[in-house]
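Encoded as structure tokens, the structure appears first; notes follow it.
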């Protein structure tokens, strides 16, 4: 089997061009409508930086952690994109009212967060911020609101630690102050109860000073250093003296020592408290604006040009996909090669689809899927019509030559035109074939053998009866029923174009006759051999338009008394199995199947069969 070529693909697309164009137009038009009704979106961009000032670490009470710049910037990007910042920005822009519920706040904050985006600029410690809005002013306002909210949040976070430290120191200072006041009252009460005491306090103060000096020296020297050793001796002497004082002095010494310790602790806390206050007042935001928000002049969405370009490509892709899927699902036969391979019959002729001059008729016929076209359209496709003759006369002449070449009797031959199913163009093919025969000088008779569903008498403008059924029933002789030349179209219907066709005087026609109750019995009991013998003597060729093979037995009865049978197949109409089964039934009836006429072939497919260039002349 040959590989498909580019032309084969083009032929498939051209065959279903209406479906292709429809899907393409639907895709593009739906995208255009969607783009048209999309709201315009503008964008405002800004660049911000996150960096602590160089002097911040020197401020008393500030404890700045050592931060990795990249990880710090990435962390701040997540902070900017958080719901917290989005909610604050929504309040500033007026999107989030102050009395909104928790659920409403979350929804509005999430919507606000979706309207902007922060990301770290590559190879830098800068943060890019872009915000969108329905107009340039709202987009710029949203970007400013996000920046201000982020600044406030950053300042609050930096101040929170300093506030916490200040509060802890203040709380501890209050506790020490209360304890100091309590000890001072104890000391004062003790002195009032014991007026002569006081020596122990002096010794206790000396001992406390010596211990303080010793601890200071130990920061520089070892315990064996002479200075530390001398302090130890003095501490030991003061302790011995303190041990000898009365017991009430010892109590006073203890209270005095605790008072002094609390005083030193209170002094230290006061100093730390002042440092913490200074640090809190010196806290600043680490956020700076490098490029302030600038509103764009043109909207970033919708992008009509890009959308239409993408929809065009998508439309082409979808159209091709649908066309090729339909082609693969199509079980009908559309090429000569398929017919000859599947049905094992030669193709006698390829007849193009002849469209009406009135495009509305063609469009309605395709849209309504009419099985039988209107009388006006049908007559417009006959060779007697100048428009049809200019397009198809050569094809019917080729069909005439091929059929006559395959008939044993070149003179007085009888030929049956039938099809597998209905509405495949057998009547049109039979009439045009008869016109092609008479145009070459042959004397032809065309018979309408479709008694059940006749159409030929209407097309030719002749009366239905007397006709074939009357002849078969013995009611009338064939010479009395056959109309010759100018007598055709004498039934009261105007068909002047037929009378102008060259050689029309050589054409005779026989209608289907009167309606019959049992057509099959009538045709089966008729004396066909005698009738056909008489007709062969009178005419060069007898053309019989028979009903569909798969529907009735009428065609098989007529076929076995004829010289040949021509199967008319409309491209893409019936399944391949139907045509094959029709051929088998005709052969089973001992009839001679000459070949197949491929009818209503798409114009683009004709190039693959013939070098079709008629339109160039």
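Assorted remarks:
- Among the residues making up the range 31-54, those that are free of Cβ contacts under 8 Å to residues at least 12 places away in the same chain and either part of a strand (DSSP E or B) or farther than 24 Å from residue 296 by Cα (or both) are 33, 54.
- For the range 124-153, taking the residues that are without any contact (Cβ under 8 Å) to a residue 60 or more places away in the chain and part of a helix (DSSP H, G or I), the one that is farthest from residue 44 (Cα to Cα) is identified as 148.
- Each residue in the range 458-477 was checked for being farther than 22 Å from residue 528 by Cα and outside any loop (DSSP other than H, G, I, E, B), and 3 of them qualify.
- Criterion violated by residue 432 - all others in (1) under 59 Å from the mean Cα position of the chain (by Cα); (2) surrounded by 18 or more Cβ atoms within 10 Å (Cβ to Cβ); (3) assigned to a loop (DSSP other than H, G, I, E, B) satisfied: (3)
- One residue alone among 451, 403 is under 22 Å from residue 549 (Cβ atoms) and out of contact with any strand residue (DSSP E or B) (no Cβ under 8 Å at 6 or more places or on another chain), and that residue is 451.
- Residue within the range 99-113 that is assigned by TED's automatic domain parsing to the domain that holds residue 74, under 31 Å from the mean Cα position of the chain (by Cα), at pLDDT 85 or above and buried (at least 18 other Cβ atoms within 10 Å of the Cβ) present: yes
- Test: residue 314 is within 30 Å of residue 39 (Cβ to Cβ), modelled with pLDDT of 80 or more and either touching a helix residue (DSSP H, G or I) at 6+ places or on another chain (Cβ under 9 Å) or not in a helix (DSSP H, G or I) (or both): yes
- Test: residue in the range 19-41 that is modelled with pLDDT of 85 or more, closer than 30 Å to residue 161 by Cα and in contact with a strand residue (DSSP E or B) (Cβ under 6 Å, 6 or more places away or on another chain): no
- Of the numbered criteria (1) modelled with pLDDT of 90 or more; (2) under 16 Å from residue 450 (Cβ atoms); (3) more than 56 Å from the chain's Cα centre (by Cα), the one residue 520 fails is (1).
- Odd one out for residue 397 among (1) surrounded by 19 or more Cβ atoms within 10 Å (Cβ to Cβ); (2) modelled with pLDDT of 80 or more; (3) part of a helix (DSSP H, G or I); (4) touching a helix residue (DSSP H, G or I) at 6+ places or on another chain (Cβ under 7 Å): (1)
- Within the range 544-572, the residues that satisfy the criterion of being within 48 Å of the chain's Cα centre (by Cα) and under 18 Å from residue 340 (Cβ atoms) are 567, 568, 569, 570, 571, 572.
The values are calculated or read from the model by the stated rules, or taken from the named source; none is laboratory data. If you're wondering where the values come from, they're calculated on a predicted model, not measured in any experiment. Every residue, glycine as well, gets a Cβ built from its backbone with ideal geometry; the counts of neighbours run over all protein chains shown.
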